[in-house]
1. Go ahead and run the numbers for FRET between A148 and A114, Cβ-Cβ distance against an R0 of 22 Å, rounding to 0.05.
2. In nm, to one decimal, how far is the modelled label at T15 from the one at V40, with both set 7 Å along Cα→Cβ?
3. Provide the packing ranking of 70-80, 115-125, i.e. peptides ordered by the mean count of other C-beta atoms within 10 Å per residue, highest first.
4. What distance in nm separates the simple spin-label points at T30 and A97, each placed 7 Å from Cα in the Cβ direction?
5. Roughly speaking, what is the stretch gain from L60 to S136, that is 0.36 nm per residue apart minus the C-alpha to C-alpha distance, in nm to one decimal?
6. Might you report the magnitude of the Cβ-based charge dipole of the range 21-105 about its Cα centre, with Lys and Arg at +1 and Asp and Glu at -1, to the nearest 20 debye?
7. Which FRET efficiency, nearest 0.05, do R71 and V106 yield, Cβ-Cβ r, R0 41 Å?
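Coordinate-derived values only; no laboratory data. Computed from a prediction, not measured in an experiment: that's the story for all the values here. Every residue, glycine among them, receives a Cβ derived from its backbone with ideal geometry; neighbour counts consider all protein chains shown.
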Amino acid sequence: MDETPRSTRSWTSRTLGPMKRGSLRGSIFTLMSAAIGSGVLLLPYAFSLVGVPVGILTLLFGTYCLATSLRLIITISHITGRDSYAKSAIEVLGPVAGRGLACLMVGEALCGQAAFIKFLSDLWPRVLPMAFGRLSKTQMAFVIIFAAFPAAASKDMSVLRHVTVPRPSHRSKTITAALTRTPG
């Protein structure tokens with residue numbers, strides 16, 4: 001049985017040492033930042049800058065603003081009788097503001113998806129180096145998008161109702177072609 005080479009660095013240096021570009025820790029931090037939000041991850045740093053009393057006051061003020069904003073959104077939705085935030089915004093602010101809100105929401109969703117694709121394109125070659133180790137970052141991103149999109153696509157989604165999801169045999173042929181193609 002072949003032994004896998006072990007890292008010569010200690011656990012402490014791997015865990016607490018500087019984060020290198022493209023490292024597994026960097027990928028995990030990117031995913032956490034996208035999922036949790038950078039604000040939560042930066043709370044300890046913000047508290048160290050302003051101190052605990054001012055930090056707590058600022059956190060309480062932010063919580064109050066969040067609760068008030070959510071209450072306002074719910075109230076507007078109830079008054080207008082609309083079932084979504086976008087429809088309520090169009091009703092109250094007009095179609096131009098509604099389109100602007102839609103653009104912001106799509107942009108936020110795309111940034112979240114990009115962070116997730118980046119995370120997976122860093123993770124998969126480390127978890128399955130025999131299958132994905134030779135691929136460039138761009139090739140890996142295309143493999144992830146092509147493998148994940150059909151699983152996430154729902155025929156009920158208005159934009160995707162005209163999209164034909166490729167058969168599994170076509171997906172596997174494309175992934176195999178991407179894996180066997182030599183980079184460079």
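1. Values: r = 13 Å, r/R0 = 0.58.
It comes out at approximately 0.95.
2. 2.2 nm
3. Numbers: 70-80: 12.3, 115-125: 18.5.
In decreasing order of mean packing, 70-80, 115-125 become 115-125, 70-80.
4. 3.7 nm
5. Extra length from L60 to S136 when fully extended: 22.8 nm.
6. On the way: 6 positive and 2 negative charges, 40 e Å.
The calculated dipole for the range 21-105 is roughly 200 debye.
7. Details: r = 26 Å, r/R0 = 0.62.
It comes to 0.95.
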